[in-house]
1. With a/c under 1.5 counting as rounded, go ahead and sort segment 1-147 into rounded, prolate or oblate using the C-alpha gyration tensor (a ≥ b ≥ c being the square roots of the eigenvalues; past the cut-off, prolate if a/b is larger than b/c, else oblate).
2. Once you put a point 7 Å from the Cα of residue 497 and another 7 Å from the Cα of residue 25, both along the Cβ direction, what distance in nm separates them?
3. From zero up to wherever the largest Cα-Cα distance of segment 357-494 sits, split into 5 Å bins and tell me the percent of pairs in each.
4. How long are the three semi-axes of the equivalent ellipsoid of segment 363-439, in whole Å, if each is the root of 5 times an eigenvalue of the C-alpha gyration tensor, listed from largest down?
5. Contour minus end-to-end for residue 575 and residue 469, with contour as 0.36 nm per residue of separation and end-to-end as the Cα-Cα distance?
6. Quickly rank 368-378, 494-504, 25-35, 437-447 as a protection proxy: mean count of other C-beta atoms within 10 Å, highest first.
7. In what order do 279, 118, 421, 138 fall by count of nearby beta-carbon atoms within 10 Å, going from fewest to most?
8. Which peptide among 349-362, 145-158 comes first, and what is the full order, when sorted by highest mean count of other Cβ atoms within 10 Å?
C-alpha cells in the first residue's frame with residue numbers, strides 16, 4: 001500500500017521537488033545578499049571585526065557551493081567527491097546546512113550594529129527573510145526526503161526530482177547496466193591480482209619428498225624479463241622512460257628553493273602590512289552616513305554603470321555585428337563567392353546589402369580577411385590611406401575613434417566623479433588610482449583587440465569597483481585615511497572662524513538689544529530698576545538718592561534728531577520701513593534662536 005502510494009506521488013513529486021529546488025536557490029541567493037549587507041554594515045568595534053567579516057564571507061561561499069549542487073551540472077563530480085549531495089542521497093544534509101545557515105543569519109540580528117535602526121528597514125528585512133526562509137525550507141526538504149524516497153527500491157528524492165514517475169525504472173536500469181558492465185569484463189582484460197599463497201600449500205611444499213632447488217637471486221635490473229600480463233610496463237619493445245628529469249620529480253624542490261629565496265623578503269612585508277592594518281583599524285573612526293560630495297560622485301558612477309550596461313546588452317543597436325565567417329560558419333580560406341552566397345541566404349529577402357557588396361570587393365586576399373577579423377568591416381572598407389603592405393596603417397585608422405574616443409569618455413566620467421570641486425576630498429583621494437585603472441583597461445584594449453567586443457562590460461565592471469571603493473572609504477568602513485596635517489589645520493581654522501563669526505553676531509545682537517532697551521521708556525525704567533536693585537543688594541549701606549535724581553541729557557531729545565526721525569518715519573528719507581522691519585524680524589529670530597525665555 002505504501003509502495004503504491006509512493007509510486008503515485010512520483011509524478012507530482014517531479015513538479016514539487018523542482019519547485020522546491022527553485023526556492024532553495026532563491027533562499028541561498030537571499031543568504032548571499034544578507035551576508036553582503038552584514039559585511040558592508042559591520043561594526044568595527046576592535047581589530048577582531050576581520051574575523052566576523054571572514055565568517056560572513058564563508059557563509060556566502062557555502063551558499064554559492066550549495067547553489068551549484070542544486071543546479072543540474074557537475075553531477076559526476078558530486079557523486080564522486082560529495083556523495084551526500086549526489087544523486088543517490090536525499091536532502092537531509094542540504095536541509096541541515098540550510099538550518100545552520102538560517103540560525104546563524106538570524107543570530108547576527110541580536111547586535112546593535114545589525115538592528116533595524118542601524119541597518120535600515122529594507123536591509124533589515126533582507127537579513128530577516130534570509131534566516132526565516134532558510135529555516136522553513138530546511139524543514140520542507142526534510143519532509144520531501146522521507147515522502148518521495150523509497151529505500152527498498154533504491155529510489156531517493158533526488159531521483160524523483162530528476163526522472164519523475166519513471167525514477168524506479170531508471171534506477172533499476174542504471175544498476176543492471178552497471179552489473180552487466182562488470183560481468184562483461186574478461187579475466188585477461190582485468191588488472192592482475194596478487195595475493196599471498198595459502199599456508200597449507202606452503203606447508204605441503206616444505207614437506208615434499210624431493211630436495212629443494214633454490215634459484216639465484218632475481219636481477220631487478222634485467223629489462224628482458226617477460227611481462228607478467230599485458231598491462232605490464234615492461235612489455236616487449238617498451239622501455240621504461242627516464243623519470244629523473246620529470247617535472248613531478250623535482251617540482252617540490254623548485255618550490256622549496258623559491259620559498260627559501262623569497263621568504264625573507266615577503267614575510268616581513270606581510271607582518272608589517274598586518275600590523276599597519278591592525279593599528280589603522282584600532283584608530284579608525286566610526287562609520288558615518290554618506291556625505292554629499294561622495295554621494296554626487298556615486299550618482300555619476302551609477303549613471304555610467306547603467307549606460308555601459310545598456311550598451312553591453314545584445315539588443316544594443318550600436319553593438320558590433322557578428323562577422324560573416326561566424327554567420328555563415330565558413331573558414332577563413334573559403335572562396336569569396338561561396339562565402340557571400342552563404343551570407344545572402346541569411347540576409348533578409350536573400351539579397352546582399354550595400355555594405356555586404358562593398359565588403360565583397362575588399363575580400364581580395366587573406367590579409368584583407370585578417371584585417372576584417374581584427375579591426376572590423378568599417379576599417380577595411382572606409383580607410384582611404386591604408387595599405388596591406390603596412391598593416392599599421394589600419395591600426396592608425398582604427399585607434400582614434402574605435403578605441404581612444406570611448407576611453408576618453410570613460411576618463412571624463414572618472415574625472416568628474418573624482419573631482420575635488422564636485423565630489424569633495426573623499427572622492428579626490430582616489431583620482432590617481434581610478435585613472436590608473438582606466439589606463440590599464442586602455443592598454444588591454446590596445447594590446448588585445450578581442451576586448452573590444454566586451455568593452456562596455458569592462459567599463460561597467462571597473463565603475464562598479466570604483467563606486468564600491470568610494471562608498472566604503474567615504475563612510476569610514478574600509479580604506480580610511482586620515483587627512484594631511486595641512487588639511488587638518490585648514491579645518492581647524494575654518495571651524496574657529498565659524499565660531500568667531502557666530503560669537504560676533506551674538507555680540508552685535510546683544511548691542512542692538514541694549515540700544516532697543518535704552519530707547520524704550522518702559523524698558524529703560526525696568527532696566528534702571530533692575531540695576532538699582534543690584535547696586536542696593538551689593539551695597540546695602542550706600543546712598544542711592546543721588547543716582548536716582550541724576551538725569552542725563554539724551555541725544556534723542558535734540559531738535560535736529562527728532563526732525564530726522566520724523567522725516568524717516570514719513571518715508572521722506574529714502575528708507576523702506578517695510579523692508580527694514582522684515583530685516584529686523586529676521587535678525588531678531590537669528591539672534592534669539594535657541595534662547596529659552
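Where a number appears in this text, it was derived from the coordinates with a stated rule and is not lab data. Everything numeric here is computed off the predicted structure, so don't read it as measured data. Glycine gets a Cβ as well: all are built from the backbone with ideal geometry, and neighbour counts include every protein chain shown.
1. On the way: a/c = 2.98, a/b = 1.99, b/c = 1.49.
Since a/c reaches 1.5 and a/b is larger than b/c, the shape of segment 1-147 is classed as prolate.
2. 6.0 nm
3. 2, 8, 15, 15, 13, 10, 9, 7, 6, 5, 4, 3, 1, 1, 0
4. Numbers: eigenvalues 307, 20, 15 Å².
Whole-Å semi-axes of the equivalent ellipsoid: 39, 10, 9.
5. Values: separation 106, 0.36 × 106 = 38.16 nm, distance 5.74 nm.
So the extension gain works out to 32.4 nm.
6. Details: 368-378: 18.2, 494-504: 10.0, 25-35: 21.5, 437-447: 14.7.
Highest mean packing first, the order is 25-35, 368-378, 437-447, 494-504.
7. Details: 279 11, 118 14, 421 8, 138 24.
Fewest-to-most Cβ neighbours within 10 Å comes out as 421, 279, 118, 138.
8. 145-158, 349-362
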